[in-house]
1. Just to be sure I understand: with springs between alpha-carbon atoms less than 10 Å apart, which residue in Asp83, Asp215, Asp189 has the highest mean-square fluctuation in the Gaussian network model of the chain?
2. Given the C-alpha centroids of region 85-117 and region 176-197, what is the distance between them in whole angstrom?
3. Amide H to amide H under 5 Å from Val339: which residues, 5+ apart in sequence or cross-chain, H placed 1.01 Å off N in plane?
4. Please check: in the Gaussian network model of the chain (C-alpha springs, under 10 Å), which one of Leu102, Leu233, Leu358 has the largest mean-square fluctuation.
5. Counting only residues 5 or more places away or on other chains, whose amide H sits under 5 Å from the amide H of Val176 once H atoms are built in the peptide plane?
6. What is the magnitude of the charge dipole of region 202-255 about its Cα centre, with +1 placed on the Cβ of each Lys and Arg, -1 on the Cβ of each Asp and Glu, and no other charges, expressed in debye to the nearest 20?
7. For region 118-166 and region 244-297, compute the distance between their C-alpha centroids and round to whole Å.
8. Hey, can you grab everything whose amide H is under 5 Å from the amide H of Phe225? Only 5+ residues off in sequence or another chain; H modelled, so Pro and N-termini drop out.
Amino acid sequence: MTVATPADSLVGATADSAAERPVYLDCNATTPVEPRVVAEVMAFLADEYGNAGSRTHGFGQAAKRRVNRAREEVARVVDAQADEVVFTSGATESNNLAILGLAPEGERNRRTHIVSSQIEHKAVLEPLEELRRRGFEVTLLPPTPGGWVDPDEVRRSLRPDTLLVSIMATNNETGVIQPISEIAALLADHETYFHVDAAQAFGKLIDPLRHHRIDLLSVSGHKIFAPKGIGALVARRRGYRRIPLKPLFYGGGQERGLRPGTLPVALIAGLGLAASLALREHGERIQQCEAMKEAALAALEPLGIAFNGDQARMAAHTLNFSIPGVDSEAAIVELKDLVAISNGSACTSQSYEPSHVLTAAGLPDERVAGALRLSWSHLTPSVDWVAVAERLRRLTGTAIG
């Protein structure tokens, strides 16, 4: 006789509930963990559980080897060196380390001007606000109506005392890809450091992030099918000189003293494998996401949707649009049993504040209030887009076509 355990009951309940759940279309908030990554993480939780800092036995040595390999895997995606990768808890910490960690250098050399944009994630805007309180001058550039930062505006904002330019690679709300390569090129003859928040772009946008004029690049594991709680800061050398970052906290000396604390080997292993898979399978994943977008647009465009962001620059896995006369909260409720979507960044969605990204682009209040963000991945199952469009049509009170 087989006796059911509590774990068996939990697995059964999870499988039943998953079958009834809507299709997840909020991958810009977080992605599912890739099954191969799950297996890798579990192996280093259950079997190879050594501390990478323990050098006196095989358990620690195995852990250290996996950490070193993960460093190489992350670095390879952006054409960096393995020892230029610092593991963190995620892109928020990486952004803070890049921005606040440069502050002492700026104060020492009286370079206290920073250029960024109004459409950055709060994980960039709030550290910048902290530096403003400390006496730094921060220039926040507005986006174009299409949701991207004009490189000429960056060039015009540069000054001899500009310490840092910080521009994201892909906007988390609109999916608009920013002109990172052009900005990197115009900084070629300027001493300023260039930081890119690549949380939404790492492993999805390859060539622009390999530009060696990018000094600092923030990575988030849970945006590329790795677990939450792990990320990295890539800090490229300039010649033989490392970026003069100071740590945010102290104790233990790990990660060259920039990020002390026991390394989460299992999470690092997951990030490393996720990075490797993203690079190897990049073309196939993009094709799948583009096919999903084509299917979505075929069903949704007859509703007269207004794109919130330049479609020519929008990532293959994201749509941000408004439907005339339709409020985003009403649409989310109407669709909740079909698809799980959002109306903006996960960091502000609980507050129901108008999107600072769409507001900065100069969109009318009704467009901002009606904005819907749909984001998917190569792991997303098929969506009944016709049903989605029909539900949204009900809210408009009109017939499709």
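Quick note: the coordinates plus some simple rules give every number you see, no bench work behind them. Keep in mind the model is a prediction, meaning the values are calculated, not measured. Here the Cβ positions follow ideal geometry from the backbone for every residue, glycine too, while neighbour counts run over all protein chains shown.
1. Comparing Asp83, Asp215, Asp189 in a Gaussian network model of the chain, the most mobile one is Asp189.
2. That distance is 15 Å.
3. Excluding prolines and chain starts, which carry no amide H, the hits are Val23.
4. Maximum fluctuation in the GNM of the chain, among the listed residues, is at Leu102.
5. Asn171, Ala315
6. Rounded to the nearest 20 debye, it is 180 debye.
7. Answer, in whole Å: 25.
8. For Phe225, the qualifying residues are Thr31.
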